[in-house]
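The values are calculated or read from the model by the stated rules, or taken from the named source; none is laboratory data. What you see is a predicted model; the values in this text were computed from it and never measured. Glycine gets a Cβ as well: all are built from the backbone with ideal geometry, and neighbour counts include every protein chain shown.
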Amino acid sequence: MFKYIFVAIVVVITYFGLFFEATVTNETVGQLFIGGILACFCVFLAFKFGLHYKISAINRYVIAFYYTVFEYKKVQISPSDLNYYDSVREQAEVALAANFDPALKTAELKIPVSLYSGKDPFLDKLRAKIQEAEKLKREARHLENKANVLLDKTQDILVEKDLIEKDSPTLLDGLFDIEDGIAAIIDLTTSEIKEQSYGRTPDYEIISHIALDNNPYFASTYKFFDSEDIAGLLNRAPFMVILLGIIGTFAGFYLALAQGGDIKSGAAVAIVSSLVGLPVSLLMDYINTLFPDRLRYQQAFNKYKVTLEILFNHEVELSAIKQDRRGKQG
């Protein structure tokens, strides 16, 4: 997509350069480059916000999923008769329900600290919701042992107990299809482990790549731009803006000399593009440092992979207990 935008810009510039006779002055060039630098900064902010919001949403869900599995391990100490597919889907659905409670603010969901540190009220609230959801889920399993109706029953109980509400998503969640993206993570993960048995270990790396990297809702930003390309471009943007300012400066010097004008006044106008480009570049670099989205995405990826492994190992242990009991009874 970006290469087509670049080609379009080149075509427009060429068209106006060849078919319009305009007087190009040093001041005009300075204004043109300053406007270009500021426009680049605005585009940078727009794409940075979109990418950051989507990665934050992934982090929100992965944190909830991790602690849902943690709570499940604590309460499920006897064999549950679940296969890995159903176990993953159950914990994922509980995390999804707890994660999209409208009472929890998005800003509070961004703090990646220990659940039991006691320093963050959101995490205590999330833990309480997950514990209640686990309790209701086990009650639903006790009342109805069929896996195909278990999740619907659990969802109804969660709504009934006001753990979740059937409200429409927030404006930003709706704009970026966040809830659909989280649901796609669950569907992509479970589709990969549908035939998974406890006799062999899943490839958590590949499963996580498919669920997160190949997710149609998170693989792109603003639906048309590849998130990986945007992340790379945002990292290079500060350097590109510096180059743009330097090019504007030399273009101003060139015009001042070519048109026989006063080099001092020409330099005063030309150097402004660099004076604007440098602080804008520093600001971009500071924003990238303040919001290290690639690092946060990698952390979410690793936590998701570890969570799948923890859940599988726990279910293997429960399955082994069940086999031992059958052996003793036999």
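A few points about this structure:
- If only residues of segment 79-104 that are at pLDDT below 80 and of a type in the set (Gly, Ala, Ser) are counted, the one that is nearest to Glu315 (Cα to Cα) is Ser80.
- All conditions but one from (1) part of a loop (DSSP other than H, G, I, E, B); (2) at pLDDT 80 or above; (3) of a type in the set (A, V, I, L, M, F, W, C); (4) more than 21 Å from Lys303 (Cα to Cα) apply to Phe239; the one that does not is (1).
- Hey, Tyr66 in contact (Cβ under 8 Å) with a residue 40 or more places away in the chain, assigned to a helix (DSSP H, G or I) and closer than 19 Å to Pro202 by Cβ or not: yes
For every residue, the table says whether it meets (1) in a helix (DSSP H, G or I); (2) in contact with a Phe, Trp or Tyr (Cβ under 6 Å, 6 or more places away or on another chain); (3) loosely packed, with under 15 Cβ neighbours inside 10 Å.
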residue	(1), (2), (3)
Leu282	yes, no, yes
Thr289	yes, no, yes
Tyr297	yes, no, no
Lys303	yes, yes, no
Leu308	yes, yes, no
Leu311	yes, no, no
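- Segment 241-259 - residue that is over 28 Å from Leu45 (Cα atoms) and free of Cβ contacts under 8 Å to residues at least 40 places away in the same chain and, of those, surrounded by the most Cβ atoms within 10 Å (Cβ to Cβ): Phe253
- Ser168 over 20 Å from Ser87 (Cβ atoms) and either outside any helix (DSSP H, G or I) or at pLDDT 90 or above (or both): yes
- Which listed residue is touching a Lys or Arg at 6+ places or on another chain (Cβ under 8 Å), surrounded by fewer than 20 Cβ atoms within 10 Å (Cβ to Cβ) and at pLDDT 55 or above, from Glu205, Glu144: Glu205
- Across segment 245-302, the qualifying residues are those that are of a type in the set (Ser, Thr, Tyr) and out of contact with any Gly (no Cβ under 8 Å at 6 or more places or on another chain), and the one among them that is modelled with the lowest pLDDT is Ser265.
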